[in-house]
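Written out below as structure tokens is the structure these notes cover.
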Amino acid sequence: MNEVDLHSHSSFSRCGIHTIIEILEESKRKGLKAQAITDHGPAKVDFIRSPFFTRLTQPVEGIILLKGMECNVMDMEGTIDLSSKFIRLCDVLLAGLHDNLRVDWSRAETTRALINTINNNPWLDVITHPLNHDFDVDLRRLAGVACETGIALEFNNSKIIYGSVSEEEQCDLIKICREEGCLVAVNTDAHTLNELGDTQAMNSLLEREGFPEERIVNRNYETLMEWLEKRRCFKLEA
């Protein structure tokens, strides 16, 4: 288990079924030091619950709440569905391809959209589930750009345990990220309490494939906070 999970969905996402407090309490019980709540952006949930960003302050003692959002890529130019007002209130910002995009892009077009998302959004920290059967991506090219910009690519445990991605496909991505030298975040993408903190399937693959532990940004709390601080300084200069 990693000490921090950077990707989870509460009842504020249409796909999540638990409250923020329930998620934090369960993550604390399982031994996590910090838990990011990253509900979907408004293209999937209609609107943003602003009090989460503006009023909620560390509601559960003994575990750090990291405020974030899993934004939706909106077009090939890499637009995301979150205004600067909320972007600056996020501790961590994620973005990925979702079913709000009803497009029939080629591999080159999908790859271009993700690369533009990285290049045009300096506040972005993580690209979620780059392995996605609904969108064909040149993963090696994406990993190269991620390495150049310091963005982390997500290794998504839920995709493995629910069979959305095969172990062979994930191992291919692990190999690409290892060879390209990019950073990764190992996340649960939890929608239920039992999924929180469970990265065993992904960690087993990483160990088997010999992925360098020092390139996992959320392997422990101290490493993550150091990385986020570096990201913050970079964002302020951008």
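Just to be sure, is Gly96 over 17 Å from Val217 (Cα atoms), open to solvent by less than 20 Å² (accessible area, probe 1.4 Å) and small (Gly, Ala, Ser)? Yes; evaluated as a whole, the condition is true for this residue. Based on what the data block shows, is Glu77 among the charged types (D, E, K, R), surrounded by fewer than 19 Cβ atoms within 10 Å (Cβ to Cβ) and under 23 Å from His191 (Cα atoms)? No. Given Arg55, Arg102, Arg107, which one is over 24 Å from Met202 (Cα atoms) and touching an Asp or Glu at 6+ places or on another chain (Cβ under 8 Å)? Matching residue, one of Arg55, Arg102, Arg107: Arg107.
Against the criterion of being modelled with pLDDT of 95 or more and of a type in the set (Asp, Glu), Glu229 does not qualify.
Give the residues of region 192-238 that are among the hydroxyl-bearing types (Ser, Thr, Tyr), open to solvent by 40 Å² or more (accessible area, probe 1.4 Å) and without any contact (Cβ under 8 Å) to a residue 24 or more places away in the chain, sorted by residue number. Matches in region 192-238: Ser204 only.
Of everything in region 99-117 that is polar (S, T, N, Q) and open to solvent by 10 Å² or more (accessible area, probe 1.4 Å), the residue that is farthest from Leu66 (Cα to Cα) is Ser106.
Of all residues in region 15-31, those that are closer than 11 Å to Val60 by Cβ have Cβ atoms under 6 Å from Cβ atoms of residues that are in a helix (DSSP H, G or I), 6 or more apart or on another chain, in Glu26/Leu193. Scanning region 118-135 for residues that are aliphatic (A, V, I, L, M) and in a loop (DSSP other than H, G, I, E, B), we see that the one that is most open to solvent (accessible area, probe 1.4 Å) is Leu131. Taking region 163-191 as the range and being more than 15 Å from the chain's Cα centre (by Cα) and open to solvent by less than 40 Å² (accessible area, probe 1.4 Å) as the test, the residues that pass are Val165, Gln170, Cys171, Leu173, Ile174, Ile176, Cys177, Gly181. Among the residues in region 58-66, are any buried (at least 21 other Cβ atoms within 10 Å of the Cβ), in contact with a Gly (Cβ under 8 Å, 6 or more places away or on another chain) and not polar (S, T, N, Q)? Looking through region 58-66, none of the residues is buried (at least 21 other Cβ atoms within 10 Å of the Cβ), in contact with a Gly (Cβ under 8 Å, 6 or more places away or on another chain) and not polar (S, T, N, Q). Within region 96-116, no residue that is touching a residue at least 60 places away in the same chain (Cβ under 8 Å) and under 13 Å from Val137 (Cβ atoms) sits with its Cβ atom under 9 Å from a residue that is outside any loop (DSSP other than H, G, I, E, B) and open to solvent by less than 70 Å² (accessible area, probe 1.4 Å) at 6+ positions apart or across chains.
The values are calculated or read from the model by the stated rules, or taken from the named source; none is laboratory data. Treat the numbers as computed from the prediction; the structure is a model and nothing was measured. Cβ atoms come from the backbone with ideal geometry, glycine included; neighbour counts cover every protein chain shown. For the accessible areas, the whole protein counts, side chains as well, though only heavy atoms, and no ligand, DNA or RNA atoms are used. Shrake-Rupley method; radii C 1.70, N 1.55, O 1.52, S 1.80 Å.
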